[in-house]
Amino acid sequence: MAKKKVLIITYTEDNICIDTVSKFIRESGGEPIRFNVDRYPVYTNLSSIYQNGKWQIILNDGDQTHNLEDIVSVWNRRTFNLAADLKEMMAAEYLGPTIRELQRTLYGMVEALPCFHMERYSVYRRLDSKEEQLRMALKHGLLVPATCISNSPELAKKFINDIDVPVITKMQSSFAVYKEQEEHVVFTNEVSNDDLEDLDGLSLCPMTFQQKLGKKLELRVTIVGGKAFTFSIDSQQVANAQVDWRKEGAAMINDWQPYELPADIENKLLAFMDDYKLSYGAIDLILTPQDEYYFLEVNAAGEYFWLDKLCDHAISRQIADVLLRKKFLS
């Protein structure tokens with residue numbers, strides 16, 4: 001019997017989770033095919049051919065040639081640093097258009113593969129709408145914080161004054177600002193009185209303003225193939241992590257604990273995932289001192305590797321089973 005082939009789209013410097021899932025795929029008799037997009041197109045080739053009534057999608061990864069038409073699934077894990085090696089080889093005026101063409105080609109060919117996807121690029125793009133996520137959470141009976149997404153200084157100030165509670169601000173996308181050759185990651189921050197008086201720059205770039213919730217615990221719920229893996233952290237024990245635990249993420253990596261989510265909250269999250277047709281999602285929740293669970297967001301490519309170690313790699317095993325179609329999803 002031929003091995004079930006799984007295409008894993010990632011990049012060279014991705015973390016240990018790729019090797020862990022690949023190991024479980026091999027142990028189950030499958031064949032993981034790793035496509036590092038930072039090596040595309042300088043060291044790898046991707047081709048789509050329709051001829052004599054048949055389609056072929058062929059990947060040469062620099063070492064082997066793979067026909068992708070018979071794969072059973074795709075794990076769209078990461079597309080960081082797409083065409084990274086090209087940047088040193090091409091004049092600046094051609095680089096932008098070439099990278100856009102590479103993106104269109106890669107995303108188009110992968111989207112067209114007639115197999116199971118975790119997840120499709122089109123699903124990732126839909127989840128870029130944080131507003132729809134909040135609306136969907138409300139639809140399924142989850143609590144969400146009061147929220148304003150705007151580039152209007154006037155409306156942002158009115159929102160903050162109207163709700164009359166502390167407010168945090170954050171960006172919808174994750175990015176860093178590079179200044180004097182140093183990386184400055186943009187985290188979630190509390191809005192101060194000084195900030196409130198200096199919102200004029202907001203007109204040039206929208207931001208998200210949200211009710212600051214009291215935190216008894218912060219929860220990360222990783223859902224894979226209808227199974228939830230929940231862990232908690234008490235971020236309030238470290239001053240610099242109280243607003244955004246990621247500021248001390250490395251220092252607090254061993255402070256996460258398994259957590260039993262109430263059945264009604266878990267069922268609402270599973271219904272939320274089904275509505276989006278998501279087979280993988282990393283969901284952030286806040287448990288308030290009043291024992292209320294608030295939904296913040298879902299990331300269909302959210303990290304989980306540090307939590308995987310706390311459950312004997314059960315998350316990676318579940319991912320491998322879903323990709324090998326042992327856990328059937330639409």
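Taking the options Glu183, Glu266, Glu218, Glu190, name whichever one is surrounded by 11 or more Cβ atoms within 10 Å (Cβ to Cβ) and at pLDDT below 90.
Testing whether each residue is surrounded by 11 or more Cβ atoms within 10 Å (Cβ to Cβ) and at pLDDT below 90 leaves just Glu190.
Out of all the residues in region 232-260, which are touching a strand residue (DSSP E or B) at 6+ places or on another chain (Cβ under 8 Å), surrounded by fewer than 20 Cβ atoms within 10 Å (Cβ to Cβ) and modelled with pLDDT of 70 or more?
Hits for region 232-260 are Asp234, Asp255, Trp256, Gln257, Pro258, Tyr259, Glu260.
Inside region 31-78, can you point out the residues that are surrounded by 12 or more Cβ atoms within 10 Å (Cβ to Cβ), over 19 Å from Arg120 (Cβ atoms) and among the hydrophobic types (A, V, I, L, M, F, W, C)?
Val42, Ile58
Starting from residues that are among the aliphatic types (A, V, I, L, M) and at pLDDT below 95, keep the ones in region 1-15 and report whichever is surrounded by the fewest Cβ atoms within 10 Å (Cβ to Cβ).
The qualifying residue surrounded by the fewest Cβ atoms within 10 Å (Cβ to Cβ) is Met1.
On the basis of being among the charged types (D, E, K, R) and under 16 Å from the mean Cα position of the chain (by Cα), does Glu303 make the cut?
Yes; evaluated as a whole, the condition is true for this residue.
Here is a list: Glu292, Glu297. Which entry is crowded, with 18+ Cβ neighbours inside 10 Å and closer than 20 Å to Pro145 by Cβ?
None of the other options fit; the residue is Glu297.
Residues of region 22-53 being outside any strand (DSSP E or B) and either within 19 Å of Glu111 (Cβ to Cβ) or not assigned by TED's automatic domain parsing to the domain that holds Arg77 (or both), which ones?
Val37, Tyr40, Pro41, Thr44
What residue, of Asp19, Asp14, Asp63, is in a loop (DSSP other than H, G, I, E, B) and closer than 18 Å to Ala301 by Cβ?
None of the others qualify; the one that does is Asp14.
Determine whether region 143-159 contains at least one residue that is touching a residue at least 60 places away in the same chain (Cβ under 8 Å) and under 30 Å from Val74 (Cα atoms).
No, region 143-159 contains no residue that is touching a residue at least 60 places away in the same chain (Cβ under 8 Å) and under 30 Å from Val74 (Cα atoms).
Can you list residue pairs whose Cβ atoms sit under 6 Å apart, with the first residue in region 299-316 being outside any loop (DSSP other than H, G, I, E, B) and at pLDDT 95 or above and the second being crowded, with 16+ Cβ neighbours inside 10 Å and small (Gly, Ala, Ser)? Count only pairs 6 or more apart in sequence or on different chains.
Within 6 Å, the pairs are Asp308/Ser316.
Scan region 125-132 and give yes if some residue there is basic (Lys, Arg), within 30 Å of Ile71 (Cα to Cα) and under 23 Å from the mean Cα position of the chain (by Cα), otherwise no.
yes
Being assigned to a helix (DSSP H, G or I), among the aliphatic types (A, V, I, L, M) and buried (at least 16 other Cβ atoms within 10 Å of the Cβ) is the filter here, so list the residues in region 271-284 that pass it.
Met273
What residue, among those in region 317-330 that are hydrophobic (A, V, I, L, M, F, W, C) and in contact (Cβ under 8 Å) with a residue 24 or more places away in the chain, is surrounded by the most Cβ atoms within 10 Å (Cβ to Cβ)?
Only one residue tops the list, namely Leu323.
Which strands (runs of 3 or more DSSP E) sit wholly inside region 79-175 and have at least 1 residues that are surrounded by 14 or more Cβ atoms within 10 Å (Cβ to Cβ), touching a strand residue (DSSP E or B) at 6+ places or on another chain (Cβ under 7 Å) and at pLDDT 95 or above?
116-118, 147-150
The values are calculated or read from the model by the stated rules, or taken from the named source; none is laboratory data. Just so we're clear, the structure is a prediction, and the values are computed from it rather than from any experiment. Neighbour counts run over all protein chains shown; Cβ positions are idealised from the backbone, glycine included.
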